[in-house]
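Chemist: Have a look at this one.
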Amino acid sequence: MGFRSDMPIYLQISMQLKEKILNGEYNNDDKLPSVRELSVIYEVTALTIQRALAQLELEGVIYSKKGVGSFVKPGCHLHLEQQMVIEKTKEYVNNMKNLGLRDNDIFELIKGVIKNE
């Protein structure tokens with residue numbers, strides 16, 4: 001798998017899992033693949049997957065049952081959707097700032113895109 005170098009891999013994996021939850025691939029109380037299965041899917045170590053799952057649990061997206069696995073926490077979709085929109089917006093703004101744009105330039109760019117749609 002191709003991962004970006006500007007963000008820890010475990011965070012990228014947790015973001016991808018959140019996107020799968022939002023897209024309906026995993027629903028309330030669905031069991032996620034095991035750590036071993038996810039490590040094969042994402043081609044990373046089990047420790048990296050454990051860190052990604054721990055992050056999701058910390059954020060209230062999943063819950064774990066010892067010896068059974070990790071499950072999608074019921075009701076996490078609304079909070080998750082809002083969180084993902086904020087994360088994507090921050091990422092976009094940071095990318096534009098890295099290109100040398102100022103806050104006002106970014107704001108005007110966004111307004112222009114919205115008007116043209």
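Chemist: Can you go through LEU17, LEU38, LEU32, LEU47 and tell me which one is in the same structural domain as SER70 (by TED's automatic domain parsing) and within 20 Å of GLU87 (Cα to Cα)?
Modeler: LEU17
Chemist: Taking GLU57 as the residue in question, decide whether it is modelled with pLDDT of 95 or more and in a helix (DSSP H, G or I).
Modeler: Criteria met by GLU57.
Chemist: Further question: I need every pair where a residue in the range 95-113 that is farther than 23 Å from MET7 by Cβ has its Cβ under 9 Å from the Cβ of a residue that is surrounded by 10 or more Cβ atoms within 10 Å (Cβ to Cβ), sequence separation at least 6 or different chains.
Modeler: As it stands, the answer is ASP105/MET96; LEU109/MET96; LEU109/LEU101, since those pairs meet every condition given.
Chemist: Only one of (1) within 12 Å of the chain's Cα centre (by Cα); (2) part of a loop (DSSP other than H, G, I, E, B) is not met by ALA52, so which one is it?
Modeler: (2)
Chemist: Any residue in the range 44-64 that's free of Cβ contacts under 8 Å to residues at least 12 places away in the same chain: show its pairings with residues that are among the aromatic types (Phe, Trp, Tyr) at Cβ separation under 9 Å, as long as the two are six or more apart or on different chains.
Modeler: LEU47/TYR10; ALA54/TYR10; TYR63/PHE71; SER64/PHE71
Chemist: Moving on. Across the range 6-41, what is the total count of residues that are within 15 Å of ARG51 (Cβ to Cβ), out of contact with any Phe, Trp or Tyr (no Cβ under 9 Å at 6 or more places or on another chain) and surrounded by 13 or more Cβ atoms within 10 Å (Cβ to Cβ)?
Modeler: Residues in the range 6-41 being within 15 Å of ARG51 (Cβ to Cβ), out of contact with any Phe, Trp or Tyr (no Cβ under 9 Å at 6 or more places or on another chain) and surrounded by 13 or more Cβ atoms within 10 Å (Cβ to Cβ): 9 in total.
Chemist: Condition test on VAL93, is it at pLDDT 90 or above, closer than 21 Å to ASP30 by Cβ and surrounded by 13 or more Cβ atoms within 10 Å (Cβ to Cβ)?
Modeler: no
Chemist: So how many residues does the range 18-46 have that are under 18 Å from LYS65 (Cα atoms) and assigned to a helix (DSSP H, G or I)?
Modeler: Initially, the range 18-46 is screened for residues under 18 Å from LYS65 (Cα atoms), giving 26-38, 46.
Next cut, assigned to a helix (DSSP H, G or I) only: 35-38, 46.
Summing the residues that are under 18 Å from LYS65 (Cα atoms) and assigned to a helix (DSSP H, G or I) in the range 18-46 gives 5.
Chemist: Looking at the range 9-29, I want the residues that are at positive phi and in contact (Cβ under 8 Å) with a residue 40 or more places away in the chain and have a partner that is among the aromatic types (Phe, Trp, Tyr) and surrounded by 15 or more Cβ atoms within 10 Å (Cβ to Cβ) with Cβ atoms under 6 Å, at least 6 apart or on another chain. Which pairs are those?
Modeler: From the range 9-29, the pairs are ASP29/PHE71.
Chemist: A further question follows. If only one of PHE107, PHE71, PHE3 is in contact with an Asp or Glu (Cβ under 8 Å, 6 or more places away or on another chain) and surrounded by fewer than 18 Cβ atoms within 10 Å (Cβ to Cβ), which one is it?
Modeler: Every option except PHE71 fails the conditions.
The values are calculated or read from the model by the stated rules, or taken from the named source; none is laboratory data. All figures in this text were calculated on a predicted structure; none of them were measured in a lab. Glycine gets a Cβ as well: all are built from the backbone with ideal geometry, and neighbour counts include every protein chain shown.
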